[in-house]
Amino acid sequence: MKEKTIFELLNLPSNESEETIKKAFHEFARNNHPDFFPGDKSREEALKRVVLAYDRFKAEQIILKAIRRENIFSRKQKEAYTKFYDKPNSRFHFTA
């Protein structure tokens, strides 16, 4: 069985902002926490599924931010390299 995403579990569109997802998650957790509904196994299981999906979502966001940061660094590094080494009439000018 395919695990549902945080968007499916919280009934949110897939283009929602991270802040909106966080608010919806916290609201869901407050409304289904086992401390407020002792003995209600269905709410407890629903909360476990949403917590796992939210953790997976947060991990994906961290990875995407790292990839974006690496791409920006690589682009700036390439720009600096070409700016310094690929000047015509430079003693460091290389041709392939």
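The values are calculated or read from the model by the stated rules, or taken from the named source; none is laboratory data. In this text the structure is predicted, and so the values were computed from the model without any measurement. Virtual Cβ from ideal backbone geometry, glycine too; neighbours counted across all protein chains shown.
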* To do: Identify, from the list Phe28, Phe37, Phe57, the residue that is surrounded by 14 or more Cβ atoms within 10 Å (Cβ to Cβ) and either among the hydroxyl-bearing types (Ser, Thr, Tyr) or touching a Ser or Thr at 6+ places or on another chain (Cβ under 8 Å) (or both).
  => Phe57
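Considering each of Glu79, Glu45, Glu27 in turn, give the residue that is modelled with pLDDT under 90, in a helix (DSSP H, G or I), more than 17 Å from the chain's Cα centre (by Cα) and of a type in the set (Asp, Glu).
Numbers: Glu45 fails: modelled with pLDDT under 90; Glu27 fails: modelled with pLDDT under 90.
So the residue among Glu79, Glu45, Glu27 that is modelled with pLDDT under 90, in a helix (DSSP H, G or I), more than 17 Å from the chain's Cα centre (by Cα) and of a type in the set (Asp, Glu) is Glu79.
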* Does Lys2 satisfy being in a helix (DSSP H, G or I) and under 17 Å from Phe57 (Cβ atoms)? -> no
* How do the pairs read when you match residues in the stretch 44-61 that are within 9 Å of Ile6 (Cα to Cα) with residues anywhere that are modelled with pLDDT under 90 and aromatic (Phe, Trp, Tyr), using Cβ under 9 Å and keeping only pairs 6 or more apart or on different chains? -> Ala53/Phe7; Phe57/Phe7
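Looking at Asn32, Asn15, Asn71, which is the one that is touching a residue at least 12 places away in the same chain (Cβ under 8 Å) and at negative phi? Lay out the reasoning, then the answer.
Working: Asn15 fails: touching a residue at least 12 places away in the same chain (Cβ under 8 Å); Asn71 fails: touching a residue at least 12 places away in the same chain (Cβ under 8 Å).
Just one listed residue meets the conditions, Asn32.
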* To do: Considering only the stretch 48-70, state which residues are at pLDDT 90 or above and β-branched (Val, Ile, Thr).
  => Val50, Val51
